């Protein structure tokens with residue numbers, strides 16, 4: 001039987017991280033929006049330390065990943081973990097690896113004294129929604145996500 005382990009990403013893993021980002025974006029029908037490069041990932045994850053990555057490995061082969069960073073809740077008065085990406089390769093799904101990755105992130109959050117673990121999910125992604133609900137996750141139905149990016153961000157900054 002295969003053994004699932006976890007390992008923290010290292011700078012040399014930027015190619016693998018980008019590969020998983022592209023695979024996830026393809027699944028989400030958003031591949032054309034990926035502008036990340038290995039160089040950008042190296043700078044922002046490993047040099048500036050703005051995010052962390054953990055790999056799920058089956059017999060030492062990376063089969064999935066979670067990319068996350070800390071946010072902060074003023075109401076709780078402490079940090080939380082925001083999960084940006086969770087991905088398991090299609091041929092490894094159905095083995096409990098997604099749940100294991102979320103469990104690992106929950107353990108990290110608890111060890112660090114974080115008050116919450118949260119993420120976004122596309123409205124059409126029913127398989128993921130059902131999976132998250134089965135874990136006890138609660139949709140934040142009273143909240144709307146807003147975004148300013150690109151030229152709009154540049155204009156606002158001026």
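The values are calculated or read from the model by the stated rules, or taken from the named source; none is laboratory data. The model shown is predicted, which means the values in this text are computed figures rather than measured ones. Here the Cβ is made from the backbone with ideal geometry for all residues, glycine too, and neighbour counts use every protein chain on show.
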remark   = Of 152, 144, the only residue that is loosely packed, with under 12 Cβ neighbours inside 10 Å, farther than 22 Å from residue 58 by Cα and modelled with pLDDT of 95 or more is 152
ask   = Limited to segment 36-62, what total is found for residues that are under 14 Å from the mean Cα position of the chain (by Cα) and touching a residue at least 24 places away in the same chain (Cβ under 8 Å)?
value = 8
message = Residues that are within 18 Å of residue 105 (Cα to Cα), outside any loop (DSSP other than H, G, I, E, B) and out of contact with any strand residue (DSSP E or B) (no Cβ under 8 Å at 6 or more places or on another chain): does segment 134-155 have at least one?
response = yes
note = If we keep only residues of segment 25-39 that are touching a helix residue (DSSP H, G or I) at 6+ places or on another chain (Cβ under 9 Å) and closer than 23 Å to residue 105 by Cβ, then the residue surrounded by the most Cβ atoms within 10 Å (Cβ to Cβ) is 25
ask   = If you take the residues in segment 40-72 that are assigned to a loop (DSSP other than H, G, I, E, B) and in contact with a helix residue (DSSP H, G or I) (Cβ under 8 Å, 6 or more places away or on another chain), which one is surrounded by the fewest Cβ atoms within 10 Å (Cβ to Cβ)?
value = 50
ask   = Got at least one residue in segment 87-97 being surrounded by 15 or more Cβ atoms within 10 Å (Cβ to Cβ) and part of a helix (DSSP H, G or I)?
value = yes
